Amino acid sequence: MGGAKPEKLPEGDFAHVRPLRPCGDEPYPSDRLRTDAVAMRYLVRSDEGTVPTIVTEFAGRGGAAEQFADIRAALDRCPGGLGEGQRRWSVIGNGIAGDESVLVRIDERFSYADEEPATVSQFAGVARSGDMLVVVADVGWENLGGSEDLVRDLTGKAVRRAG
């Protein structure tokens, strides 16, 4: 994480990526199988001195195979859109950190401050390692999107750590 300090992610913050919830707050059948979970956030600063980005990491133990299957099905069932209060969910990569892993782009259209509305992309990697499910997301900063490359890199590291 480039020296970024981990902070516990407050309940409700970035709920759409802990784990991925493209169908809204709808619970998954596999949620009841989870025996433990933790969600952290990191304020990551780049070497180039540009604005920081917020990276979140969710790790859940128990029912990981079922949870991964539920998330994959939800991504197909609820692709979303770019209307007010909506997100569009697109699987843009498979096998990014093992056989059971995907890379997802989460687009949202909103206006920041007094700017015209724009589409901003967040990126999330979802992977299963044994009975652990990990989700790494770069949710960007204010009106700036996240980094696909950073999520690809960090998802692989998270899977190795979870193993």
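The values are calculated or read from the model by the stated rules, or taken from the named source; none is laboratory data. A quick note: this is a predicted structure, and the numbers were derived from the prediction, not measured. Note that each Cβ is placed from the backbone with ideal geometry, even for glycine, and that neighbours are counted across all protein chains shown. The protein model used for the area step is the full one, side chains on, heavy atoms only, and it has no ligands, DNA or RNA in it. Shrake-Rupley method; radii C 1.70, N 1.55, O 1.52, S 1.80 Å.
For the reader, a short list of remarks on this structure follows.
- Amide N of the range 123-163 lying under 20 Å from the label point, which is placed 7 angstrom from the Cα of CYS78 along Cα→Cβ: 123-128, 133-139
- Probing with 1.4 Å while keeping every protein chain in the model, the per residue accessible area of the range 6-162 equals 51 Å².
- The dipole here belongs to the chain: it is taken about the Cα centre, uses +1 on the Cβ of Lys and Arg and -1 on the Cβ of Asp and Glu, and is about 580 debye.
- Two-decimal Rg/Rh across the range 96-163, once Rg and the Kirkwood Rh are taken from alpha-carbon atoms: 1.11
- Listed peptides 54-65, 83-94, 127-138 by packing density, highest first (mean Cβ within 10 Å): 127-138, 54-65, 83-94
- Spin-label model, TRP141 to GLU115: label points 7 Å out along the Cα-to-beta-carbon direction sit 1.3 nm apart.
- Solvent-accessible area, 1.4 Å probe, carbon plus sulfur percent, for the chain: 47 percent
- Between LEU82, LEU103, LEU20, the Gaussian network model of the chain with springs among Cα atoms under 10 angstrom shows the greatest mean-square fluctuation at LEU82.
- Considering only THR50, GLN86, GLY63, the residue lying farthest towards the positive end of the dipole of the range 37-127 is GLY63, judged by Cα position with unit charges set on Cβ.
- Here the range 1-148 is treated as an ellipsoid with the same Cα gyration tensor; its semi-axes, largest first and in whole Å, are 24, 19, 14.
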